[in-house]
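Here's the structure we're looking at; comments come further down.
Nothing in this text is a laboratory measurement; each read-out follows from the coordinates by a stated rule. Computed from a predicted model, the values in this text were never measured in an experiment. Ideal geometry is used to build each Cβ from the backbone, glycine not excepted, and the neighbour counts take in all protein chains shown.
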Amino acid sequence: LDKAIIGQSAAKQAVAIALWKQQLRAAGDTVVPRSNLLLYGPTGCGKTALVQEAARLVGLPFVAYDATTLSETGYKGNDAQDMVKLLHSRHGEHKKLKYGVIFIDEVDKLAAKGNETRTAYNRGTQHSLLKLVEGTQIETEHCTVDTSDLLFIFGGAFTGLVKKENSVAINPIGFMREARAPEASSA
């Protein structure tokens, strides 16, 4: 992972541990809990690339999905179940499909405040996502998928979120990094 992703030590460690646990679960270890994650950082900092590369390295099926395309079931747009169906359509023959990884980006946009109609609409979408994460049965074209074994990793910018010492944040790199004055050292 260090060869493919520059920097981002804390995020790489958290993602690697979550995917390692998922790999153990796929190998039959029923004691290891699922470790869903929330990654936050500015647009373009590499959240999707990090999760995609980690999933590739451990050999787990992966799909990335943009939360802004989701809608509550029954409304125009994609519903939360479509993510599971996409994972299945792309990796249906994969022996570890049951333990696949779904990365849901821009999830912070579902909490955006707007008019009352939009807020209620987003709340329904959030509820649909929560049902997936908690575990439910999704009927696909060829089988039923139990989402309680899937690993969900959520990502977004979450502007205004205070960075805490033990949180997992993707730091800006390259052109997005702010120039800082060198820190003075005390003698």
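Hey, can you tell me all the residues within the stretch 5-43 that are at positive phi and loosely packed, with under 15 Cβ neighbours inside 10 Å? Passing the criteria: only GLY28.
Among residues that are surrounded by 15 or more Cβ atoms within 10 Å (Cβ to Cβ), closer than 18 Å to GLY156 by Cβ, in contact (Cβ under 8 Å) with a residue 40 or more places away in the chain and within 16 Å of the chain's Cα centre (by Cα), LEU70 is included. Of all residues assigned to the stretch 46-56, at least one qualifies as being crowded, with 22+ Cβ neighbours inside 10 Å and touching a Phe, Trp or Tyr at 6+ places or on another chain (Cβ under 6 Å).
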